[in-house]
1. Quick check on Asp17: is it part of a helix (DSSP H, G or I), modelled with pLDDT under 80 and out of contact with any Ser or Thr (no Cβ under 9 Å at 6 or more places or on another chain)?
2. Based on this model, can you work out whether Val23 counts as modelled with pLDDT under 80 and either in contact with a Cys (Cβ under 7 Å, 6 or more places away or on another chain) or of a type in the set (A, V, I, L, M, F, W, C) (or both)?
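The values are calculated or read from the model by the stated rules, or taken from the named source; none is laboratory data. Predicted model only: the values in this text are computed from it and were never measured. Virtual Cβ from ideal backbone geometry, glycine too; neighbours counted across all protein chains shown.
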Amino acid sequence: MIFVDFWADNYDNKSMDIQSASVNLSQARVQEQAGVRVQAMGLDAMKEQAAALEKLLSSAQVVADPNLGRNLNVIA
């Protein structure tokens, strides 16, 4: 009896379940697309930072004296 009552009560809700499942799927797709866009923006920002770092490192001067900076006088 419980099984029959369950299906009798919930049979009319089948179309509503399909509709809600469709809406949930659509919302999940939108959220996934938004997440991909945010990750792409972050990747672009990291690429820009990497290019700036490469430029900074390439413009750095190389120290000619190998002994320069080896010792540090900490007594003032």
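1. no
2. no
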